Each structure stands twice: as structure tokens, then as C-alpha cells.
Amino acid sequence: MTIESSAEVKKTTVPPGRQVLVVDDDAELCELISQYLTRQGFAVETVHSGTKGVERALSGEHAIVVLDVMLPGTKGFEVLRRVRAQSRLPVLMLTARGNEQDRILGLEMGADDYLPKPFNPRELSARIEAILRRSTPDPTEIRPGVAELIVVGDIELDKGTRVARRAGQVVALTTVEFDLLETLLRSAGRVLSREDMVRGVLSREFSPYDRSIDTHVSNLRKKLGPRPDSLERIKGVRGIGYLYALSHGSSEGEE
């Protein structure tokens, strides 16, 4: 009997927004992940192939996908590409420890975060919780009939619907990109350190070897394009971090 034909779907009834899809061909690891996350209040479904992973990820039944890079047949990056083509569902990639290229490629393709194998289940749970907090609106902040708009130049963020617009046109952003842009716009004209951005946007401690935030900034730059005056919107400040530019000109130290 192949892994794919075995009983691979395991679900538990939990509140909405706690459904996790795990796509990994390691059945034993999936079982361990499922047991741990279930104890943390998640409902977990596990599948062991990329093809099935795409099908289930696009079903609309999950709040997040935990996706392994190394899958038989349809690889993890192809699964991510197909999912991103049709959905903004948060994706956490599992990568080989020390393989920085896989991490960067996954983030460039729209993954929300990554976790190197082997990993501590507590860290996996913490990463999932952080992503879900970013992607799920806080009901205490939502006032019926009142939209919270953040407008800087031709960029507009609607906090209620989590929709970003450039010159009135919708810009498709991942959950991380939306929160990153919100953070930059709220501090427009001021430099934000990489450390503060990692803690505030990715909800984890900063490591000087972790270039995730730089990759997310690069993705955001590509999606937003230049300002109407053709200058860069998000400027890097060497050795410190980034700022969302408000005016013409450039400052010493910009990257």
C-alpha cells in the first residue's frame, strides 16, 4: 500500500481559523506534528503528495498550510506556485537546515515564513500562531460601518478588508507583505530597524543571519513599483533597516 492510498486525512472539530493542512511525505513526522498541534487546539489534516496538497489547499477548508519543500512528484515550490496563483492562504515552508536558497526562493514565491528541519514542535506552533494573528482580523478592532484606511500618497490600505490599493488598483499582497506595508506606512518618513520589523511583523526574535525581512521588502517593492515621481518607495538605510519615503531626494547611507 502506498502512502497516498493510506488513511491520510485526520481532522478534529475546532473553532474557525484553527485548521492546519500539513503537506509532507514523511508520514511519521506528519503524525508527530498532528499530535502536537492537536494538543495546541488546532485541527490538522495531513497529505503526503504535492498534487493532493494543491487540491486540499484550494478547498477553502484551512487557515494555513505547512508545506515541505522536498516532496515526491510535484515539488513544494510548484505547490506554492499553484496555490499562490489562486489563493492568499498563508503558507509556512519547511526547508532543509542550512539551505538558504530554498528559504529565499520560498519567500520570493509568496511563502509567509519558513522553518528549517529538524525543528522543535513548539517553534512550529509559535510560527503558525504568529502567521494566523497576522492574517485574522482582531474583532475588537473592527467597528461596524467604520473603515480604517491608511493613506500615504497613492497607496491606500483598508485594515478591515485587508486590501491594498495603488492609485485605486488592488495590489495582491500576502499576509506578511500587508503587515509589512502597514508598518512602513505608519512610520512613513522614519527609519525602522530590521530588528523592530522582524519582531513587529514576523513576531519573532531578530537574527543577523535571517534575511527574511529583506526578501519580503524586495517582494513588496516589486509589487508596488516606483512612486509616481519614479523614485523608490521603500529605501534601505545601510546597516539599520528601511523607510517608506515621503519626499523627493535621497539620504546619505541609503542602499
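Please compute the per residue accessible area over the chain with all protein chains in place, 1.4 Å probe, rounded to a whole number of Å².
Here the per-residue accessible area is 49 Å².
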- Message: Given bins 5 angstrom wide, list per bin the percent of all Cα-Cα distances in segment 2-135, short to long.
- Response: 2, 11, 24, 27, 23, 12, 3, 0
- Query: Kirkwood-based Rg over Rh for segment 156-234 (C-alpha set), two decimals?
  - Reply: 0.96
- Task: For the chain, state the average projected area of the convex hull of the C-alpha atoms over all orientations, rounded to one decimal in nm².
- Result: 14.5 nm²
- So the angle from the long Cα axis of helix 212-224 to the longest Cα principal axis of the chain, reported in degrees to the nearest 10, equals 60 degrees
- Nearest-0.05 FRET efficiency for LEU58 and ILE240, computed from C-beta distance (R0 30 Å): 0.15
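Going by accessible area, probe 1.4 Å, with all protein chains left in place, what is the ranking of LYS52, LYS75, LYS222, largest first?
The residues order as LYS222, LYS75, LYS52, largest area first.
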- Message: Sequence gap at least 6, Cα distance under 8 Å: using those rules, report the relative contact order of the chain to the nearest whole percent.
- Response: 12 percent
- Task: Any chance you could look up the accessible area of ARG194 with a 1.4 Å probe, heavy atoms only, rounded to 10 Å²?
- Result: 30 Å²
- Note on the structure: Judged on accessible area alone, 1.4 Å probe, highest first, MET70, MET197 line up as MET70, MET197
- Message: Quick check for me: using +1 on Lys/Arg Cβ and -1 on Asp/Glu Cβ, what's the dipole size of the chain about its Cα centre, in debye to the nearest 20?
- Response: 440 debye
- Please work out how much length the chain gains when fully extended from ARG204 to ARG190, using 0.36 nm per residue of separation minus the C-alpha to C-alpha distance, in nm with one decimal. 2.8 nm
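The values are calculated or read from the model by the stated rules, or taken from the named source; none is laboratory data. None of the values given here were measured: they were computed from a predicted structure. Here Cβ is always computed from backbone atoms with ideal geometry, including for glycine, and neighbour counts include all displayed protein chains. Surface accessibility is based on the protein's heavy atoms, side chains included, excluding ligands, DNA and RNA. Shrake-Rupley method; radii C 1.70, N 1.55, O 1.52, S 1.80 Å.
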